[in-house]
Amino acid sequence: MGGGTHLMARLNDEAAGDLRLVSLRKAGLRGIHVEGATVVMGAATTLADLEDDARLGYLSRCVRSIASPPVRSLATVAGNLFVPQPYGDLAAALLALDAELDVLGAGGARREPLERIVTGGLPAGELVTGVRFTAPAPGTFRFHKASRRRLNSGSIVTVAARITVEDGLVGDVRLVLGGLGRRLIRATGAERVLLGAPLTAETVARAAEADVIEPVGDAYASAWYRARVYPVHLRRALLGA
């Protein structure tokens, strides 16, 4: 485990049986390297490390929406990829940025698209050692999270997007939704609606109806409420209004 901010709270509440934990805090997997547009983050890099790095300012809104400063000082980049919804806001942002994972297993080191791991999981015995992605061009990354409280609250709706607009038309878009299902959702239907269309309230409203979402209810919001407010938060994420 990395920081244990999600796991340890549950182990303290439930009998864990015969369980052995190995901490990765001193495994040399922490650090942020930026070379040109390529960003590589060690798996044990903390969310506080991301928050303090001016080179990653486009992620600051996302990172600061997660938990509280003491939690961010422990929680790790790779750990956030595997927490269940409605958590995992950094995972939504990295999926929107088409991130890849450095994975170490019995067959050696390899790279895997984050999207494949999000949908299929990681085989037992394998370890994520790093995350890499291409930094978005200025003004092309959008992140919006609706929650009950500013700190220490799971998501009601999370929207992360990388989107370019040329001559008033959407030229490229990658859209990810959190809080609206048991897993992160790559909103491919909304992407198709947006691509080549003017980025207007009317287009965004049609995009909000293009994907099948199956939200679940929890202590933060009911499934009905999440489905009801999703179009509002998609509009706020993409249009800022």
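Read-outs: derived from the displayed coordinates by stated rules, not from any lab. What you are looking at is a predicted structure, and each value in this text was computed from that prediction instead of being measured. In this analysis, Cβ positions are derived from the backbone assuming ideal geometry, glycine residues included, and neighbour counts consider all displayed protein chains.
Brief remarks follow.
- ARG25/SER68 FRET efficiency (R0 22 Å; Cβ-Cβ; nearest 0.05): 0.70
- Largest GNM mean-square fluctuation among ALA219, ALA161, ALA27, using the chain with Cα springs under 10 Å: ALA219.
- Global form of the stretch 116-238, assessed from the alpha-carbon gyration tensor, a/c cut-off 1.5: oblate
- Among residues other than LEU194 with Cβ under 14 Å from its Cβ, the summed charge is +1 (Lys and Arg +1, Asp and Glu -1).
- Cα shape, the stretch 21-159, gyration tensor, a/c 1.5 rule: rounded
- Listed peptides 30-38, 181-189 appear in the order 181-189, 30-38 once ranked by packing, highest mean of other Cβ atoms within 10 Å at the front.
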